[in-house]
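In what follows, a single structure is set out as structure tokens and then discussed.
The values are calculated or read from the model by the stated rules, or taken from the named source; none is laboratory data. Since the model is a prediction, treat every value here as computed from it, not as a measurement. For neighbour counting, all protein chains shown are included, and Cβ atoms are generated from backbone atoms with ideal geometry for every residue, glycine included. Remember, those area values only see protein heavy atoms, side chains included, never the ligands or the DNA or RNA. Shrake-Rupley method; radii C 1.70, N 1.55, O 1.52, S 1.80 Å.
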Amino acid sequence: MEFKAYLAQKIAAALSEAFQASVDGIPAFLETPPNPEMGDFAFPCFRLSKTLRMAPPKIAEGLQAHIAPDGVIERVECVSGYLNFFLHKSGYAQSIVERVLEQGARYGASDEGQGRVICIDYSSINIAKRFHIGHLSTTMIGNALYKIYEHLGYKCVGINHLGDWGTQFGKMIAAYLKWGSREEIERDGVNALTALYVRFHKEAEKDPALEDEGRLWFKKIEDGDPEALRIFNKFKEITLKDAERVYDMLGVKFDSYAGESFYNDKMQPVIDELREKGLLKESQGAYVVDLEDEGMPPCLILKKDGATLYATRDLAAAFYRKKTYDFYKDLYVVAYQQDLHFRQWFKVVEKMGYDWSKDLEHVAFGMVSYEGRALSTREGYVVYLDELLQRAVEKARQIIEEKSPNLENKDKVARQVGIGAVVFFDLFNNRIKDIDFRWERVLNFDGETGPYVQYTHARCCSVLTKAGELSASPDYAALDNAAAQEVVRSLERFPEVVREACQRNEPSLVTRFTVELASNFNRYYYENRILTEDAAASAARVKLTAATASCLKTALSLIGVEAPEKM
Ligand code: ARG
């Protein structure tokens, strides 16, 4: 049963009896009071005071007189303009717990998305660069949004918009042909590619003619020269092979790897259309879309030499996605530094007259630093993601060795905990906030961390194993106490949390929810014995434990964190 719907119905009836009035959208007005002494739900009467031309406390009293306690409602109180509802605790607990258990992994799911398509552009790594922690947030936020939208019935298309276009690739081919070898790049992977690039720049300082060679090879890539493409595709293959290892560790997948170069032959129609619509302006030999009236610098479309730009490719990609997927939304999970870039070209789409420009969204996130220091490739302060994850797994392994030396599958659990800890940490704060990665915070078993939540889940599982099959029918009066009710309230909130995380493209709401549910459960667990002589009461407490485990697991899965049953 939906409590809000039920209460809304009662309020509507009371409104008409007391004031001969009716109001739309009552369920949405119902709030969860900040603390349980104020009831399970509160109805703010000041929302009606304009319509009814009456002071909120008067309205509350009028309504109260017409709402009698029943099987669901225990009592109703008026407090400073609010109508506070207290529900029968055991009925409330029973209905929520049973709903969670019945729906299992589908709890919090819905079909409100109706199969509408969400394109999510995330991770979008650059060819010939090793995967470093600067790309962790885009990868994990994108992955979480993918799962959250799917949970709500949308159809997602995960796109890795590879950075596989640019003059640097011409330089790399030149360097490869001079100093590189196939064996070497196959053996050393992306590191060998980076080394070639660094060497090119060193040598080019002495011999500027190299730059021309680089340009030439880039031109050849653009013109589709078979040799240039063969080498370039090899670079791509090697980068992706390395990245694939990281994606496997993180459990991340994509539906498309159409990157920047994919749009080589898809930009001309867009450029033509811009010209036809009179939007393309010459500016010192280059072509731009003027955005002065929007208070932004012009969006560069073509360089002086006719070369296209990052924005040109993003425009072509958006048109391609609209045509291919007919998206309902097209999300770009990209660092906030690129904010202007997205605002500019979104505006260009709008100026072209496409109303779906409103469906393009930049899901921005903050910077990551490591142990208090900003990362910088130039200063050689880089943290590679595969090394970071490996280290997390090793550290988790050590902790497990200390805490549970007899655990089976230690390696597997260490992977789940180590990697889960990193992902959890990355998704804990509002995405727009900068993150400072610190080991002592990531792997702290007592803090607001992945291991803490995973540990709570495992604790629930172990209680369930100990309980075994219970035959007694549960007596939910055993869940009348405040601590149990807090757990129930958290459980009840989950579907709302998922919906809000989706609306705001904010996975951290789900992450924080897991901490809330876990700590409410732990408080309950310390105050109450789950298994006692009283079989019926035990059964109810076991059900609460099972519902908590199930909901924690579902919530963690939405943010891409695994939930081991033992740790
Ligand atoms: N490759 C870019 C980077 O690493 C991100 C690309 C984001 N996606 C896009 N469609 N612009 O900064």
Could you please tell me which pairs satisfy a Cβ distance under 6 Å, a separation of 6+ or placement on different chains, a first residue in the range 493-507 that is within 16 Å of D330 (Cα to Cα), and a second residue that is part of a loop (DSSP other than H, G, I, E, B) and not aromatic (F, W, Y)? C502/L152
If you take the residues of the range 298-338 that are among the hydroxyl-bearing types (S, T, Y), open to solvent by 20 Å² or more (accessible area, probe 1.4 Å) and assigned to a helix (DSSP H, G or I), which of them is nearest to the ligand (Cβ to nearest atom)? Y310
Taking the conditions exactly as written (in a loop (DSSP other than H, G, I, E, B), modelled with pLDDT of 95 or more and not hydroxyl-bearing (S, T, Y)), does E562 satisfy them or not? yes
Is it the case, given these coordinates, that F521 is touching a Leu at 6+ places or on another chain (Cβ under 9 Å) and aromatic (F, W, Y)? yes
Sole exception among (1) part of a helix (DSSP H, G or I); (2) touching a residue at least 24 places away in the same chain (Cβ under 8 Å); (3) not acidic (D, E) for A472, by number: (1)
Of the residues R391, R489, R431, which is part of a helix (DSSP H, G or I), modelled with pLDDT of 95 or more and either under 30 Å from A537 (Cα atoms) or not polar (S, T, N, Q) (or both)? R391
Starting from residues that are in contact (Cβ under 8 Å) with a residue 60 or more places away in the chain and in a helix (DSSP H, G or I), keep the ones in the range 339-376 and report whichever is surrounded by the most Cβ atoms within 10 Å (Cβ to Cβ). V348
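In the range 158-184, what residues are farther than 18 Å from E227 by Cα and more than 36 Å from the chain's Cα centre (by Cα)? Lay out the reasoning, then the answer.
Looking only at the range 158-184, we keep the residues that are farther than 18 Å from E227 by Cα, and these are 158-163, 184.
Across the range 158-184, the qualifying residue is only E184.
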Complete set of residues in the range 249-291 that are in contact with a strand residue (DSSP E or B) (Cβ under 6 Å, 6 or more places away or on another chain) and under 30 Å from V417 (Cβ atoms): F254, D255
All positions within the range 154-200 that are within 30 Å of N505 (Cβ to Cβ), in a loop (DSSP other than H, G, I, E, B) and among the small types (G, A, S): G166
Considering the range 166-188, residues that are open to solvent by 40 Å² or more (accessible area, probe 1.4 Å) and in contact with a Lys or Arg (Cβ under 7 Å, 6 or more places away or on another chain), and then whichever is farthest from L309 (Cα to Cα), we arrive at W179
Just wondering, is there one or more residues in the range 111-119 that are within 16 Å of the ligand (Cβ to nearest atom) and of a type outside the set (D, E)? yes
Of the numbered conditions (1) crowded, with 16+ Cβ neighbours inside 10 Å; (2) under 29 Å from the mean Cα position of the chain (by Cα); (3) modelled with pLDDT under 95, E31 satisfies every one except a single condition; which is it? (1)
Does the range 271-284 include one or more residues that are crowded, with 17+ Cβ neighbours inside 10 Å and free of Cβ contacts under 8 Å to residues at least 60 places away in the same chain? yes
Given (1) surrounded by fewer than 18 Cβ atoms within 10 Å (Cβ to Cβ); (2) over 23 Å from the mean Cα position of the chain (by Cα); (3) part of a helix (DSSP H, G or I), where does D386 come up short, assuming only one miss? (2)
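Within the range 452-466, does at least one residue satisfy the condition of being at pLDDT 95 or above, out of contact with any Gly (no Cβ under 7 Å at 6 or more places or on another chain) and either part of a loop (DSSP other than H, G, I, E, B) or more than 30 Å from D534 (Cα to Cα) (or both)? I'd like the intermediate steps shown before the answer.
In the first step, residues of the range 452-466 are kept if they are at pLDDT 95 or above; the result is 452-466.
From what is left, the residues that are out of contact with any Gly (no Cβ under 7 Å at 6 or more places or on another chain) are 452-453, 455-466.
This time we only want the ones that are either part of a loop (DSSP other than H, G, I, E, B) or more than 30 Å from D534 (Cα to Cα) (or both), so: 452.
Yes, that holds for at least one residue.
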Looking at R130 and the list (1) more than 12 Å from the ligand (Cβ to nearest atom); (2) open to solvent by 10 Å² or more (accessible area, probe 1.4 Å); (3) modelled with pLDDT of 95 or more, which single condition is not satisfied? (3)
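Among the listed residues S473, S462, S490, identify the single one that is hydroxyl-bearing (S, T, Y) and in contact with a Leu (Cβ under 9 Å, 6 or more places away or on another chain). Spell out how you get there, then give the answer.
Numbers: S473 fails: in contact with a Leu (Cβ under 9 Å, 6 or more places away or on another chain); S462 fails: in contact with a Leu (Cβ under 9 Å, 6 or more places away or on another chain).
Just a single option satisfies the conditions, and that option is S490.
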I'd like the full set of residues that are among the polar types (S, T, N, Q) and either touching a Pro at 6+ places or on another chain (Cβ under 8 Å) or farther than 10 Å from S490 by Cα (or both), limited to the range 520-543. N522, N528, T532, S538
Considering only the range 85-99, state which residues are closer than 14 Å to E2 by Cβ and assigned to a helix (DSSP H, G or I). G91, Y92, S95, I96, E98, R99
Selected residue (only one of K236, K241, K253 is closer than 30 Å to N143 by Cβ, touching a residue at least 24 places away in the same chain (Cβ under 8 Å) and within 16 Å of the ligand (Cβ to nearest atom)): K236
